[in-house]
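Structure first, commentary second.
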Amino acid sequence: MGNTTIDTGNNDGVRANGGDLLLDMNSPLATPGAISVLSNALSLHATSGVISAPRGINLRVSGRGQALYADGGTVSVVAGNVTSAGIGKLAGGTAGLIQMANMRYNDPALSSGTQGNGIGVDGTARVELSGFNRLYIGRTGNSFGLGVQGATAKAVLSGTNQFTFQQSGAMGVYLYGGGQLEINSPLSLTFNGASSIGVTVDGGSNSQVLDGITANFTATAGTAGTGLVAQRGGSASLRNFVVTGPRVGIGVWVAENSTVNLTGASRISITSPTNAQRYALTVGTSMAGVDAIFGTASGTSVRGGTVVATGTLNSTGTLWNNPVAGSYGIYAGANSALASVVNLTGDTIETSGAGSVGIGTYGNAQVFVVDSTVRNSGGADAIYMRNFGSPTQVTDNNEVHLTNTSVIATGAAYGVFSANQSNGWDNVFSMRGGSLTTEQTAFYAYGPLSATIQDATVRGDDYLLWAANIGATGEATLLDLVASNSTLLGDAGADSAAQANITLQSASHWTGAAWNLSNAGIDATSAWSIPQNSTVSQWVRNDGRIEFLPPVGANDYKFLYTTSYAGGAGSVIALNTYLDSDGSPSDQLVIQGGSASGSTRLDIHNTDGPGALTFGDGIRVVSALDGGTTAPDTFFTGAPVLAGPYAYRLHRGGYAAGDGQDWFLRSSIDCNNPAAPSPPCPVPPL
């Protein structure tokens, strides 16, 4: 037929129930001309058989009508122009096949005031889109572009597909209960209303990798949009996924034992300071119908590139960009005993807003980052780890593990900020390879934090680490840093009621001062370089090398204070000393109330002292205060200590009361040295 208008009111427009029907406006068997079907029900309805419109058709539905519907048969339309003035849809199906190519739905260039949803299939139905399809989803509440419900329902997209959503609370693609989607070409989703979601995977697993989806959120006010939601055990894999636009609050939201895998050149850009939310299909409803099907909505106060709450995110090669104040690049954690897991490989995380965080963890979070970059420019922290004290919520350590990853924090941003108020659980951080640099403090801790650094470089321009006093709840702060084959740069210390320990292993080197550091351990292959006066409140165990950096002035000699010192075989303390007469300045090891034991060589570096005879105690290099003691064989010098004709030897004990545990350098003169003065040496014979 051609040149025909069919208006059936509340009844189906065209139905196939056992036979086939061809709607061809250019058929030589009929008068050429446009074919239009007007209906408040189902315009093209195939129960059994085939309805085919191969050369274009105009369909207009109103009320609860749907333009294309299959419940056992096949509907095939090419170059269709469809408008909806009600709460219905472009297409729906519970069985059979719907094929569409080169479709226009609610095109604003052709009609105005349109409404209606997109495509929804359930049961065993299948929908296929090919060619160039431009769909404008109308102004119904919680409208959706493409909904697939159930593991035996499927949608296949080829060609170019552009979906534009005009109403707030819209959903681009909604896969429920294992509904299957196959994408063979890029899919563009544009949301002009607030509080919208690009892709939702609600239960079940999609077997295909969804490649080339772009979700663009263009609203200028209202609740922010979300790129992808996986919830209630849903699982999906996406490649080259792009989330963009001025109203993005969350890029990827993984909840309730769900899993999301991102690969390719995925790009997530957060732009909105407002919160986002998600929706859930009401159990027992059908996406093939037209009734309200979304019964719940839940929001979050977290804005981030990804929010992983009791689910798992696996990402490779993704760019996470978030310049919004007070938000996150990556956030993992929830008020739950279930773990929130993030695995990143080759990703880039960039945050820059005031108070922003690169990677944030909470509760039972487990974050693993490989071959990636984390950069926070002027925000709060590159990495923020927090645990609260609820025993029903915190059932495991809160962990971040980096491998061959660069962490850069500039401006006011800290490197790793740990706030742990849980009882019995640690915040755990590890870095293997890579680097961590910050203009502030590299590790700042409230409550227990265990940090392990291997084959890496860590620099804190303000502090390498600081252990702060915990508040009224939680365990006391214990910051334990163990470094292996690593370089540490920056000062380290602790508040009065906190503890901080540094252990250097396997050729590690720390350059920095200690400010009430609790304990310091240096193995036989490692070294600690001290640039300022330092205090280690409990003990120093030195099997390697401790060296005081050279003074830059007459008053720049440094003291290392500690309660107890133990030196292993082969250990060294290198001191700078002005070799002259009694009381000349020198770096010193100071034992306060404890003991010094073991066997340590003192390497004395003369700071341009001319040499002189000492007549009293000499030059003090080790002090014992407040009842401190030193074992008789604890210290010795190796190579001769010489300044001109004067030779200095190490002695334990001074002449004054209370100096018996101190160690001094005392000199003698070699009168055979041509530089020996006379007196005291005899005048050489003429």
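Using the Cβ-Cβ distance between Leu338 and Leu613 with R0 set to 60 Å, the FRET efficiency works out to roughly 0.20.
Among residues other than Leu42 with Cβ under 12 Å from its Cβ, the summed charge is +1 (Lys and Arg +1, Asp and Glu -1).
For the pair Ala151 and Thr296, a Förster radius of 25 Å applied to the C-beta separation gives a FRET efficiency near 0.65, rounded to the nearest 0.05.
What FRET efficiency, computed as 1/(1 + (r/R0)^6) with R0 = 41 Å and r the Cβ-Cβ distance, is obtained for Ser207 and Phe132, rounded to the nearest 0.05? Taking R0 as 41 Å, the efficiency between Ser207 and Phe132 is 0.95.
Each other residue within a Cβ distance under 11 Å of Ser450 adds +1 if Lys or Arg and -1 if Asp or Glu, for a net charge of -3.
Dipole magnitude for the chain: about 2320 debye, using +1 per Lys or Arg Cβ and -1 per Asp or Glu Cβ, origin at the Cα centre. Just so you know, the Cα atoms of the stretch 538-686 work out to an Rg and Dmax of 16.0, 61 Å. The listed peptides 538-550, 227-239, ordered by packing as a protection proxy, come out as 227-239, 538-550 (highest mean of other Cβ atoms within 10 Å first). Relative contact order for the stretch 272-397: 20 percent, from Cα pairs under 8 Å spaced at least 6 residues apart, divided by residue count. Projecting the Cα atoms of Ala215, Asn10, Val374 onto the dipole axis of the chain, where Lys and Arg carry +1 and Asp and Glu carry -1 at the beta carbon, places Asn10 farthest toward the positive end. Computed about the Cα centre, the dipole magnitude for the stretch 538-686 is approximately 220 debye when only Lys and Arg (+1) and Asp and Glu (-1) carry charge, each at its Cβ.
Ranked by how many other Cβ atoms sit within 10 Å of their own Cβ, fewest first, the residues Val201, Val260, Val428 fall in the order Val428, Val260, Val201. Once the chain from His605 to Thr5 is taken as fully extended at 0.36 nm per residue, the excess over their C-alpha distance is 205.6 nm. For His401, His45, the sequence from fewest to most other C-beta atoms within 10 Å is His401, His45.
If you take all other residues with their beta carbon under 11 Å from the beta carbon of Ser506, and give Lys and Arg +1 and Asp and Glu -1, the sum is -2. The slack in the chain from Ser668 to Ser506, taken as 0.36 nm per residue of separation less the alpha-carbon distance, amounts to 54.3 nm. Residues Phe443, Phe664, arranged from fewest to most other Cβ atoms within 10 angstrom of their Cβ, appear as Phe664, Phe443. Quick check on the stretch 242-359: take the gyration tensor over C-alpha atoms, sort the square-rooted eigenvalues as a ≥ b ≥ c, and tell me if it's rounded (a/c under 1.5), prolate or oblate. Verdict is prolate for the stretch 242-359. The separation of the stretch 224-294 from the stretch 393-449, counted between C-alpha centres, amounts to 28 Å. Only one of (1) 180; (2) 163; (3) 230 was calculated from the structure for volume of the Cα convex hull per residue in Å³, and its label is (2). Taking label points 7 Å from Cα along the Cα-to-Cβ direction, Ser48 and Asn423 give a separation of 7.0 nm.
The magnitude of the dipole of the stretch 316-449, with charges of +1 and -1 set on the Cβ of Lys/Arg and Asp/Glu and taken from the Cα centre, is near 80 debye. Here the chain carries DSSP beta bridges of which approximately 5% are antiparallel, counting only pairs with both residues inside.
Of the residues Ser43, Thr487, Tyr328, the one whose Cα sits farthest towards the positive end of the charge dipole of the chain is Ser43 (charges of +1 on Lys and Arg Cβ, -1 on Asp and Glu Cβ, taken about the Cα centre). Can you compute the label reach from Asp626? Point 7 Å from Cα along the Cβ direction, backbone N cut-off under 17 Å, restricted to the stretch 534-577. Backbone N within reach: 534-540, 559-566.
Here, each number is a calculation from the coordinates, and none is a lab measurement. In this text the structure is predicted, and so the values were computed from the model without any measurement. Cβ atoms come from the backbone with ideal geometry, glycine included; neighbour counts cover every protein chain shown.
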